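Undergrad: Sharing a structure here in structure tokens format.
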Amino acid sequence: MKSDLTVNIKGISSFVNEEELNRISESAIEHLTALREGRGRGSEFTGWLRLPDKTVSETGTILACARRLRAQAPVTVVVGIGGSYLGARALTEALNDPFAPQEHRLLFAGHTLSEDYHAALLKFLDGTAYNIVVISKSGTTTEPAIAFRILRDHLRNKLGTPAARMHIVAITDARRGALHDLAVSEGYETFVIPDDVGGRYSVLTPVGLLPLALAGYDIDAFARGMLDMALSVREGNDTPANIAVTYAAARNTLYDMGYSTEILISYEPSLVFLAEWWKQLYGESEGKESKGIFPASVTFTTDLHSMGQYIQQGERKLFETVVHVKDSRNSLVVPGAADNSDGIGFIAGKRLTEVNHRAEDGTRIAHIDGGVPVIHVSIERIDEYNLGQLMYFFELACAVSGYVLGVNPFDQPGVESYKKNMFALLGKPGFEAERERLEQALRAKE
Ligand code: PA5
């Protein structure tokens, strides 16, 4: 199966040694085989690899739940953080018309501890009926637990406890965790995040699909996009021409040469959260054992007027991955003007997408000339199907890339450090000694 997505690495050829690239490609192919056969590190968390094969025929219950929630209220607050948040946010921001009133509005909580954010959210919710979809695989993550407690209280005060239950859906582990136990005792409708699928690889579970369906998008098309990409990159294409291998090998070759920051670039503002999702996927999967490419992102041409200067002439340790979108959903032509007083008459009559693409072409050449290698990832358009292809491509390439780097791409041991300190500082029982040590350290830094 051939995918519509293409990867072009000609923009790195003048920077890398071809033999080295070929050697790392061979390693990436071996790791792809190991991933597929469950022989790599963290293989107990590779259930996402084959999720598309079954999800395509299993979206009925999610659609039914979305219909029920949409009929109950015009707004749903999706509560979650990290992998339990970014996929849904990335998809809905990419697909939404930014100015049209939405048929069903999604709001997000649980991804921040800001008091002002939550106070403003509650103020808005005072005036509207709403549902809550609370998502946490572990069921114990602090930020969503706090947000859910606040929101549940608000909803109960508004509707009374029995009616509030009908407005709450929990997406969590099948057997364990505080959220699981609460959902069982309260009788919330519940969806399961499979044991073998980690947070940042969970967009094709109810974690991504229920919010996407609630917002009114075609989850079957998204799943088909994921499946087509899975069939293209996962199965039987163990060659350097496999685009996931190409991408994983290109970025690891650059990393070995000292290019330690990768900037994901798009020329579409609707993809800002796709970049946030990508940063989490790659940052959490690869940044460990004192290794890993630092994932950053910018949106052009907006950021050509801020970060563009650094990228063109700053420290030479950056490389770019540009997500090129071939076609826009709408057509808009730059109008002519009789007096041409703004001096842009040479652009009149051109579609804005053509201008955007020319800006992209010009920037690519300028950055390569300035010492920045460029990887080019191209998708047909921003819709559910193509986003499905793109996200599966990035997931698979990330796993292979992490293996090439020599880390377990499915764990995140470093995330625990801040949590332990926060719990101790907030006075969690059992953390008394740690609290004293931290208070002392804080005093010493005052
Ligand atoms: O990718 C991951 O595993 C993490 O980013 C988690 O998704 C995040 O920490 C939230 O965890 P949980 O779903 O258990 O609340």
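Undergrad: Taking the Cβ of Ile365 as the centre, find all other residues whose Cβ is under 15 Å away and add up their charges (Lys, Arg: +1; Asp, Glu: -1). Provide the component values of the computation, followed by the final result.
TA: Working: positive: Lys10, Arg358, Arg364; negative: Glu320, Glu360, Asp361, Asp369.
Neighbourhood net charge equals -1.
Undergrad: Okay, moving on. Whose amide H sits under 5 Å from the amide H of Lys326, counting only residues 5 or more places off or on another chain, with H placed in the peptide plane?
TA: Counting only residues 5 or more places away or on other chains, the set is Ile379, Glu380, Arg381.
Undergrad: Taking the chain as the reference, fit the longest principal axis to its C-alpha atoms, fit the long axis of helix 142-159 to the helix C-alpha atoms, and give the angle between the two in degrees, 0 to 90, nearest 10.
TA: 50
Undergrad: Still on this structure, please answer the following. One quarter of the convex hull surface, Cα atoms only: what value does that give for the chain in nm²?
TA: Values: hull surface 100.9 nm².
Reported value for the Cα convex hull: 25.2 nm².
Undergrad: Are there GluC sites (Glu not before Pro) in segment 63-162 that DSSP marks as loop and that have at most 12 other Cβ atoms within 10 Å, and which are they?
TA: Numbers: sites: Glu93, Glu103, Glu115; in loops: Glu103.
Hits after loop and neighbour filter: Glu103.
Undergrad: Among Phe108, Phe273, Phe423, which one moves the most in a GNM of the chain with springs linking Cα atoms closer than 10 Å?
TA: Phe423
Undergrad: Can you give the accessible area of Met257 in Å² (nearest 10), computed on protein heavy atoms with a 1.4 Å probe?
TA: 90
Undergrad: While we're looking at this one, here's another question. Would you mind calculating the gained length between Leu122 and Thr301 on full extension (0.36 nm times residue separation, minus the Cα-Cα distance), in nm to one decimal? Write down the numbers at each step before the final one.
TA: Numbers: separation 179, 0.36 × 179 = 64.44 nm, distance 3.54 nm.
Full extension of this stretch gives 60.9 nm more.
Undergrad: So, one more: At most 15 other Cβ atoms within 10 Å and a DSSP loop assignment: could you name the trypsin sites (Lys or Arg not before Pro) in segment 376-435 that fit?
TA: Values: sites: Arg381, Lys419, Lys420, Arg435; in loops: Arg381.
Sparse-neighbourhood loop trypsin sites (Lys or Arg not before Pro): Arg381.
Undergrad: What value, in deg cm²/dmol to 500, does the helix sum -39500 (n - 2.57) over DSSP H runs of n ≥ 4 give at 222 nm once divided by the residues of the chain?
TA: Details: 17 runs with 213 residues, N = 446.
Rounded to the nearest 500, it is -15000 deg cm²/dmol.
Undergrad: How far is the Cα center of segment 368-446 from the Cα center of segment 271-308, in Å?
TA: 11
Undergrad: Hey, can you grab everything whose amide H is under 5 Å from the amide H of Ala296? Only 5+ residues off in sequence or another chain; H modelled, so Pro and N-termini drop out.
TA: It is Glu262, Ile263, Leu264, by chain and number.
Undergrad: Quick one: grab the alpha carbon gyration tensor of segment 1-58, order the square roots of its eigenvalues as a ≥ b ≥ c, and give me rounded if a/c is under 1.5, else prolate or oblate depending on whether a/b is larger than b/c.
TA: Working: a/c = 3.60, a/b = 1.60, b/c = 2.25.
Oblate shape, in that a/c is at least 1.5 and b/c is the bigger or equal ratio.
Undergrad: With a 10 Å cut-off between alpha carbons and a GNM built on the chain, which of Asp342, Asp196, Asp411 moves the most?
TA: Looking only at Asp342, Asp196, Asp411, the biggest GNM fluctuation is shown by Asp342.
Undergrad: What are the extents of the Cα atoms of segment 51-220 along their three principal axes, listed from largest to smallest and rounded to whole Å?
TA: 42, 39, 28
Undergrad: Sticking with this one: Nearest 0.05, what FRET efficiency do Asp153 and Ala221 give at R0 = 30 Å with Cβ-Cβ as r? Before the final figure, lay out the partial values.
TA: On the way: r = 37 Å, r/R0 = 1.25.
Step by step, r from the Cβ atoms, then E = 0.20.
Undergrad: Leaving ligands and nucleic acids out of the surface, order Asp173, Asp153 by accessible area at 1.4 Å, largest first.
TA: Working: Asp173 10, Asp153 85 Å².
The ranking, largest first, comes out as Asp153, Asp173.
Undergrad: Taking amide H atoms as placed 1.01 Å from N in the peptide plane, list the residues 5 or more away in sequence, or in a different chain, whose amide H sits under 5 Å from that of Phe108.
TA: Amide H to amide H, under 5 Å and 5 or more residues apart or across chains, Phe108 pairs with Val78.
Undergrad: Let me ask something additional. Mind checking which of Leu426, Leu86, Leu49 has the largest fluctuation in a GNM of the chain, springs on alpha carbons under 10 Å?
TA: Greatest mean-square fluctuation among the candidates belongs to Leu426.
Undergrad: Let me ask you something else. Find, among the trypsin sites (Lys or Arg not before Pro) in segment 168-210, those assigned to loop by DSSP (not H, G, I, E, B) with at most 16 other beta-carbon atoms within 10 angstrom. Intermediate values should be presented prior to the final figure.
TA: Details: sites: Arg175, Arg176, Arg200; in loops: Arg175, Arg176.
Taking segment 168-210 and a limit of 16 other Cβ atoms within 10 Å, the loop trypsin sites (Lys or Arg not before Pro) found are Arg175, Arg176.
Undergrad: Sticking with this one: For the Cα atoms of the chain, what angle does the longest principal axis make with the long axis of helix 384-405, in degrees from 0 to 90, nearest 10?
TA: Roughly 80 degrees between the two axes.
Undergrad: Separate question: Whole Å is fine, so just give me how far the alpha carbon centre of segment 314-366 lies from that of segment 137-178.
TA: Going from one Cα centre to the other spans 46 Å.
Undergrad: Let me ask something else. Using only Cα atoms, tell me the angle between helix 60-72 and the longest principal axis of the chain; keep it within 0 to 90° and round to the nearest 10.
TA: 70
Undergrad: Using a probe radius of 1.4 Å on heavy atoms only, what accessible surface per residue do you get for the chain? Whole Å² is fine.
TA: On the way: 19960 Å² over 446 residues.
Per residue, the chain has 45 Å² of solvent-accessible surface.
The values are calculated or read from the model by the stated rules, or taken from the named source; none is laboratory data. Just so it is clear, the structure is predicted and the values come from calculations on it, not from any experiment. Backbone-built Cβ (ideal geometry, glycine too); neighbour counts: all protein chains shown. Note: accessible area is taken over every heavy atom of the protein model, side chains too, but ligands, DNA and RNA are not part of it. Shrake-Rupley method; radii C 1.70, N 1.55, O 1.52, S 1.80 Å.
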